[in-house]
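The values are calculated or read from the model by the stated rules, or taken from the named source; none is laboratory data. Since the model is a prediction, treat every value here as computed from it, not as a measurement. Here Cβ is always computed from backbone atoms with ideal geometry, including for glycine, and neighbour counts include all displayed protein chains.
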Amino acid sequence: MCGISAYIGYREAYPIVINGLKRLEYRGYDSAGVMLFDGTNVQLSKTKGKVSALEKITEEEEERKVGNIGMGHTRWATHGVPNDVNSHPHTSQSGDLVIVHNGIIENYDTIKRELITRGYSFQSDTDTEVLINLIEEVKKTEGFKLGKAVQIALTNVVGAYAISVFDKNNPNEIIVARLGSPIAIGIGKEHKEFFVASDASPFVEYTKDAIYLEDEEMAIIKIGKHVKVRKIKNDKEVKPTIQKLKMSLDQIEKGGYDHFMLKEIHEQPKAIKDTFRGRMLPLEGEIKMSSIEDHLDKFLEANRIIIIACGTSWHAGLVGEYLFEDMARIPVEVEYASEFRYRNPIITNKDVVIAISQSGETADTLAAIKLAKSKGAFVYGVCNVVGSSIARETHSGAYTHAGPEIGVASTKAFTTQITVLTLIALKLGRANGSLASHTFNDYIKKMQLIPRQVEELLNIDSHVKDIANVYKDAKNCLYLGRGFNFPVALEGALKLKEISYIHAEGYPAAEMKHGPIALIDENMPIFVIATNKGHYEKVVSNIQEIKSRAGKIIAVVTQGDVQVKEIADHVIEIPDTVEALTPLLTTIPLQLLSYHIAVLLGKNVDQPRNLAKSVTVE
Ligand code: AGP
């Protein structure tokens, strides 16, 4: 997955494109590049490394920054190692055409061989260089304009793309297209300038008018003209929908925090409140969600709910399983989207599939949705990014309203996904009679307290930092939890792995004795979620087992706990709530702990190595 940022208009393009790339670095950051056109020459600057490395190169030569047309790229390598040559933009053989690309051209090898027989040679190992030469070949042999050549070339490729293409011989236009990877076009006043980007964040301070291309659409962007959108396959012109952006600049800036991850951890009280807004109506004793109400029979008549997701969203799905089964007594299966899509799953029109995704762009989740739909299932999406591919592909759904999440490690996305799932479970439980009205009302009362409790919990930051200091040099860690908090243990371990590169495993606490207990010695920190609800006594026994083997216990307990405090090496207290809601609290100290360990180890918290925020490739 990669980030695209482009500009065409009357301003200097360089600062707009570079700032845009910085905002898109969550999408990939192993190499970066920019093309500037000054009216005569195309200037290319590319380098391995981050956008800051690219800036260093361009600083050396002023002329590299001049021009009112620019296209930039930040890369997450798929074809070809991250190096200067493989970085985008790529040019065609003649040097006239320039492209930036996010996605994969699967049949690039066949096309490349064909182009080689026609006299083309290649500088990089990328599929993108093949695509720009294919466009050049079509343009040359058919005598087409750039737009038509792009369209014809794209009908010959298999794969996924969001592209922006420029021809220096026709410099008042940019052609963009999408299939499977997002692309947004920002429209400046009186069509005097346009912005192109993988999401709207690069141009939010310049315009609030944006077009999000649909799959298999291309746009011809010409200075002074309305954007023309056409279907790639049948050349049909479509009237683009211009959306008003709700995103604001402060949402995508760090706002005084050292890292986006820390900012996003601290945003959780508000994010959870925003997820409730307009849905949880305590006075009416009701949960209002038209996306569920409009399809209530589908949910109530469902044989089962299948939850599909990846990574952190999959962990939220596991919490969802406990919630739905407990509150609504509906059987649930939770599947890794990547496994589900390839194992010929048994799905019928009596199944409801819930797809969870922060970005709404995860390739495996998207493919699993398409499969479920093709087998007749009703598919409901839980996404954060408004207008994302998954939000559009599902029959119905709910946004989490967490606001932009930029840190690669998901934090507020997780808690708001759980919040939405809790609202749905409560609603279904009430609707099918599994929850008595007093139990339902009690849950609502407790739910309402959660944002304030999370806020209170965030005050333990310095205590967690002290604990992080003690265990930052550990080589391996275990995370244990039971019931609703088993998925939180998995998520805690994932957070630590992702940003500190310490090996960590999450387990159901009782499973420890079936294997992982062999790992325990005095060097092994074990993070145990031991709240006073559910299986408290059993978890206490598990803690005793660890202590007898000299393991170090860091326990997340409920305020006022006595028993675990006596045995654990460290405790972190959370406010009291009902068991089903504890994941919204227990996860907070584990997020903070990973954050502090990563900072103490000097790791790049927001952009951990090898990772990208949303994974739009298989
Ligand atoms: C979370 O910290 C991860 N970076 C990752 O596991 C993520 O949750 C996963 O890639 C799924 O992304 P999505 O929610 O955007 O679909």
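Within the range 77-103, work out how many residues are surrounded by fewer than 23 Cβ atoms within 10 Å (Cβ to Cβ) and of a type in the set (A, V, I, L, M, F, W, C).
Residues flagged as surrounded by fewer than 23 Cβ atoms within 10 Å (Cβ to Cβ) and of a type in the set (A, V, I, L, M, F, W, C) within the range 77-103 amount to 3.
Can you tell me which residue among Val617, Val562 is modelled with pLDDT under 95, surrounded by fewer than 21 Cβ atoms within 10 Å (Cβ to Cβ) and within 22 Å of the chain's Cα centre (by Cα)?
Selected residue: Val617, the only one of Val617, Val562 that is modelled with pLDDT under 95, surrounded by fewer than 21 Cβ atoms within 10 Å (Cβ to Cβ) and within 22 Å of the chain's Cα centre (by Cα).
Residues checked against (1) hydroxyl-bearing (Ser, Thr, Tyr); (2) surrounded by 24 or more Cβ atoms within 10 Å (Cβ to Cβ); (3) modelled with pLDDT of 95 or more; (4) more than 30 Å from Glu293 (Cβ to Cβ):
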site	(1), (2), (3), (4)
Ile418	no, yes, yes, no
Leu449	no, no, yes, no
Val454	no, yes, yes, no
His463	no, no, yes, yes
Asn485	no, yes, yes, yes
Gly492	no, yes, yes, yes
Lys497	no, no, yes, yes
His503	no, no, yes, yes
Met512	no, no, no, yes
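So which residues in the range 286-338 are away from the ligand (no atom under 16 Å from the Cβ), assigned to a loop (DSSP other than H, G, I, E, B) and touching a Phe, Trp or Tyr at 6+ places or on another chain (Cβ under 9 Å), if there are any at all?
His295, Ala302, Ile330, Pro331
Any residue at all in the range 360-379 that is in contact with a His (Cβ under 7 Å, 6 or more places away or on another chain), at pLDDT 95 or above and under 17 Å from Ile307 (Cβ atoms)?
Looking for residues that are in contact with a His (Cβ under 7 Å, 6 or more places away or on another chain), at pLDDT 95 or above and under 17 Å from Ile307 (Cβ atoms), one finds at least one in the range 360-379, hence yes.
Of all residues in the range 380-399, how many are modelled with pLDDT of 95 or more and in contact with a Cys (Cβ under 7 Å, 6 or more places away or on another chain)?
Looking only at that region, the number is 2.
Would you check if there is a residue in the range 443-453 being within 16 Å of the ligand (Cβ to nearest atom) and under 30 Å from Gln607 (Cβ atoms)?
no
Residues to consider are Thr422, Thr416; find the one that is outside the structural domain of Ser500 (by TED's automatic domain parsing), assigned to a helix (DSSP H, G or I) and within 13 Å of the ligand (Cβ to nearest atom).
Thr416
Give me a count of the residues in the range 29-43 that are surrounded by fewer than 21 Cβ atoms within 10 Å (Cβ to Cβ) and closer than 15 Å to Ile4 by Cα.
0
Considering only residues of the range 355-384 that are more than 21 Å from Ala271 (Cα to Cα) and of a type in the set (S, T, N, Q), which is farthest from the ligand (Cβ to nearest atom)?
Selected residue: Ser374.
If I ask for residues that are touching a residue at least 40 places away in the same chain (Cβ under 8 Å) and either closer than 17 Å to Val100 by Cα or exposed (fewer than 13 other Cβ atoms within 10 Å of the Cβ) (or both), which ones from the range 44-66 would you list?
Leu44, Lys46, Thr47, Lys50
Would a scan of the range 552-575 turn up a residue that is touching a helix residue (DSSP H, G or I) at 6+ places or on another chain (Cβ under 9 Å), among the small types (Gly, Ala, Ser), touching a residue at least 60 places away in the same chain (Cβ under 8 Å) and over 30 Å from Tyr29 (Cβ atoms)?
No: zero hits.
What's the number of the condition Leu585 fails, among (1) over 20 Å from the mean Cα position of the chain (by Cα); (2) surrounded by fewer than 19 Cβ atoms within 10 Å (Cβ to Cβ); (3) among the hydrophobic types (A, V, I, L, M, F, W, C)?
Every listed condition holds for Leu585 apart from (2).
Just give me the residues in the range 344-354 being farther than 30 Å from Ile183 by Cβ and either part of a strand (DSSP E or B) or near the ligand (Cβ under 7 Å from one of its atoms) (or both), in sequence order.
Those that are farther than 30 Å from Ile183 by Cβ and either part of a strand (DSSP E or B) or near the ligand (Cβ under 7 Å from one of its atoms) (or both): Asp351, Val352.
Given the criterion surrounded by fewer than 24 Cβ atoms within 10 Å (Cβ to Cβ) and within 12 Å of the ligand (Cβ to nearest atom), identify the matching residue among Ser410, Ser388, Ser434, Ser396.
Checking each option against the conditions leaves just Ser388.
Given the criterion in a loop (DSSP other than H, G, I, E, B) and under 30 Å from Lys603 (Cα atoms), identify the matching residue among Ala474, Ala468.
Sole residue among the options that is in a loop (DSSP other than H, G, I, E, B) and under 30 Å from Lys603 (Cα atoms): Ala474.
Per-residue answers, yes or no, for (1) of a type outside the set (Ser, Thr, Tyr); (2) in contact with a His (Cβ under 8 Å, 6 or more places away or on another chain); (3) on the phi < 0 side of the Ramachandran plot:
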residue	(1), (2), (3)
Lys225	yes, yes, yes
Val229	yes, no, yes
Ser248	no, no, yes
Gly256	yes, no, no
Glu267	yes, no, yes
Phe276	yes, no, yes
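Within the range 105-200, which helices (runs of 4 or more DSSP H) (wholly inside it) include 3 or more residues that are closer than 25 Å to Lys22 by Cα?
In the range 105-200, 127-142 are the helices (runs of 4 or more DSSP H) which contain 3 or more residues that are closer than 25 Å to Lys22 by Cα.
In the range 326-355, what residues are among the small types (Gly, Ala, Ser) and over 26 Å from Leu435 (Cα atoms)?
Ala337, Ser338
Here's the yes/no breakdown for (1) farther than 30 Å from Gln591 by Cβ; (2) loosely packed, with under 14 Cβ neighbours inside 10 Å; (3) outside the structural domain of Ile175 (by TED's automatic domain parsing); (4) of a type outside the set (Val, Ile, Thr):
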{"site": "Ala219", "(1), (2), (3), (4)": "yes, no, no, yes"}
{"site": "Ile223", "(1), (2), (3), (4)": "yes, no, no, no"}
{"site": "His226", "(1), (2), (3), (4)": "yes, yes, no, yes"}
{"site": "Val229", "(1), (2), (3), (4)": "yes, no, no, no"}
{"site": "Ile232", "(1), (2), (3), (4)": "yes, no, no, no"}
{"site": "Glu237", "(1), (2), (3), (4)": "yes, yes, no, yes"}
{"site": "Ile242", "(1), (2), (3), (4)": "yes, no, no, no"}
{"site": "Leu245", "(1), (2), (3), (4)": "no, no, no, yes"}
{"site": "Phe260", "(1), (2), (3), (4)": "no, no, yes, yes"}
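When you look at Gly360, is it under 22 Å from the mean Cα position of the chain (by Cα) and part of a helix (DSSP H, G or I), yes or no?
no
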